[in-house]
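Peer 1: I am attaching a structure below and will ask some questions about it afterwards.
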Amino acid sequence: MNFLSTEKHKELLKNVVPALRWNGEEPLEKHREACEKKLKALLGIDTFEKCEDELQIIGEGEIGGNRHIHFVVQTEKDYFVNCHLLLPKDKTAEPLPLCVALEGHVSGAHVAIGAVKFPYDEVYISHDVDFCVQAVKRGFAGLAIEQRGFGQNGGNLENGATDCHHAAMGAILLGRTLIAERVWDVQRVLDAVLKHFGDIVTMNGSILMGESGGGTATYYTACLEHRFDLYVPIVALCTFKHSIIDISHCTCNYIPNIAKYFDMGDLAILIAPKRILVFSTTNDEWSPLVGAKEAYGELERIYKAFSAEDKCKMLIAEGGHRFFAEQAWERMLELLEK
């Protein structure tokens, strides 16, 4: 006799065929419209309202030889998001392509600019999560957006721990999801940055990238925000079965009822034909490679239907649940050229 609810969930999922999986025959644009409508409903996007951005610069200075601008943006009325813009020390004549970085479950967005606030931050940075530093080295402007539940936007400021669970459960009570809140924040911060820093940054050659929980936010953002030229979900794309059903994950990964309509690969119908590089690793304990390959297979099938198979790539690196910058950036820059 089975007494474990999680085992029952696994059994139930075996019999689920996502209702909005593309059947290979329905017109792509018609199917995309139905999928976008359903995803927005599942996320609770209709609970959000736009507001004035009220952008305020908190401070300016240098870090690691780069120019640093710390600013905040109001993304919902009376709610502000911390942001860090990293630029070359010497001002360039032309606007720089924007690279937006979304951190995973680390102490906050400050690690993306190479800043150390907590003892373990140096370890995070040694695992190549200083995305904005990497971006500036390659001719981009790096923008780190604090995700809800992390750092100054809901994390534990005493020890650097994240606190997604409370935020995710509160969101669900209100008919929305934490993933939707993170997607919304990216969109509204992007609006504000293009409005206030349009002379410094450009969306031509732009990138949205994130690792783990940040990679999940990157992927869902790619479904609803199409202004970036390249999307890079890092150690995040995986089937629901192999990741958040078989493995106990942070609450921020879950969207009520989504498995009835989509698996992660199915959502590529909302991303294609935009460029996407899926970064996975051989020994990922949170997004196992077998599930990553299965999800990517569905993504690739959809891209082929759009005649855009050259716009999607999967990079598999040797190692665990982390980013490997040198390998990834080479492929990212190649993909931007296509």
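The values are calculated or read from the model by the stated rules, or taken from the named source; none is laboratory data. Keep in mind the model is a prediction, meaning the values are calculated, not measured. Neighbour counts run over all protein chains shown; Cβ positions are idealised from the backbone, glycine included.
For (1) outside any strand (DSSP E or B); (2) within 17 Å of the chain's Cα centre (by Cα); (3) at positive phi, each residue gets a yes or a no:
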position: His68; (1), (2), (3): no, no, no
position: Gln74; (1), (2), (3): no, no, no
position: Leu85; (1), (2), (3): no, no, no
position: Thr92; (1), (2), (3): yes, no, no
position: Ala112; (1), (2), (3): yes, yes, no
position: Lys117; (1), (2), (3): yes, no, no
position: Val129; (1), (2), (3): yes, yes, no
position: Gly142; (1), (2), (3): no, yes, no
position: Leu157; (1), (2), (3): yes, no, no
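Peer 1: While we're on this one: Cβ-Cβ distance below 7 Å, separation of 6 or more or different chains: which pairs start in the stretch 310-338 with a residue that is closer than 19 Å to Lys293 by Cβ and of a type in the set (Ser, Thr, Tyr) and end on one that is surrounded by 15 or more Cβ atoms within 10 Å (Cβ to Cβ) and modelled with pLDDT of 95 or more?
Peer 2: none
Peer 1: Name every residue in the stretch 220-249 that is in a loop (DSSP other than H, G, I, E, B), aliphatic (A, V, I, L, M) and within 16 Å of the chain's Cα centre (by Cα), in order of residue number. Reasoning before the result, please.
Peer 2: The initial filter retains those residues of the stretch 220-249 that are in a loop (DSSP other than H, G, I, E, B), namely 225-229, 235-240, 246-249.
Within this subset, residues satisfying the condition of being aliphatic (A, V, I, L, M) are 235-237, 247.
Listed by number, the residues that qualify are Val235, Ala236, Leu237.
Peer 1: Here's something else I'd like to know. Within the stretch 28-42, is even one residue within 26 Å of Phe240 (Cα to Cα), among the small types (Gly, Ala, Ser) and in a loop (DSSP other than H, G, I, E, B)?
Peer 2: no
Peer 1: Would you point out which residue out of Val81, Val100, Val116 is surrounded by 13 or more Cβ atoms within 10 Å (Cβ to Cβ), out of contact with any Asp or Glu (no Cβ under 9 Å at 6 or more places or on another chain) and of a type outside the set (D, E, K, R)? It would help to see each step written out before you state the result.
Peer 2: Working: Val81 fails: out of contact with any Asp or Glu (no Cβ under 9 Å at 6 or more places or on another chain); Val116 fails: out of contact with any Asp or Glu (no Cβ under 9 Å at 6 or more places or on another chain).
The conditions single out Val100.
Peer 1: Go through (1) under 21 Å from Gln187 (Cα atoms); (2) part of a strand (DSSP E or B) and name the single condition Glu62 misses.
Peer 2: (1)
Peer 1: Can you tell me which residues in the stretch 1-27 are outside any loop (DSSP other than H, G, I, E, B) and within 22 Å of Thr177 (Cα to Cα)? Don't jump to the end; show me each part of the working.
Peer 2: If we filter the stretch 1-27 for residues that are outside any loop (DSSP other than H, G, I, E, B), which is where we start, we get 5-14.
Those that are outside any loop (DSSP other than H, G, I, E, B) and within 22 Å of Thr177 (Cα to Cα): Thr6, His9, Leu13.
Peer 1: Can you name the residue in the stretch 201-220 that is among the polar types (S, T, N, Q) and touching a Leu at 6+ places or on another chain (Cβ under 6 Å) and, of all such residues, is surrounded by the most Cβ atoms within 10 Å (Cβ to Cβ)?
Peer 2: Start the filter on the stretch 201-220 by keeping residues that are among the polar types (S, T, N, Q), which leaves 202, 204, 206, 212, 216, 218.
In the following step, the residues that additionally are touching a Leu at 6+ places or on another chain (Cβ under 6 Å) were identified as 206, 218.
On the way: Ser206: 22, Thr218: 29.
That would be Thr218.
Okay, residues lined up against (1) surrounded by fewer than 21 Cβ atoms within 10 Å (Cβ to Cβ); (2) touching a strand residue (DSSP E or B) at 6+ places or on another chain (Cβ under 7 Å); (3) aliphatic (A, V, I, L, M):
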{"position": "Ala144", "(1), (2), (3)": "no, yes, yes"}
{"position": "Gln147", "(1), (2), (3)": "no, yes, no"}
{"position": "Met169", "(1), (2), (3)": "yes, no, yes"}
{"position": "Thr177", "(1), (2), (3)": "no, no, no"}
{"position": "Glu181", "(1), (2), (3)": "no, no, no"}
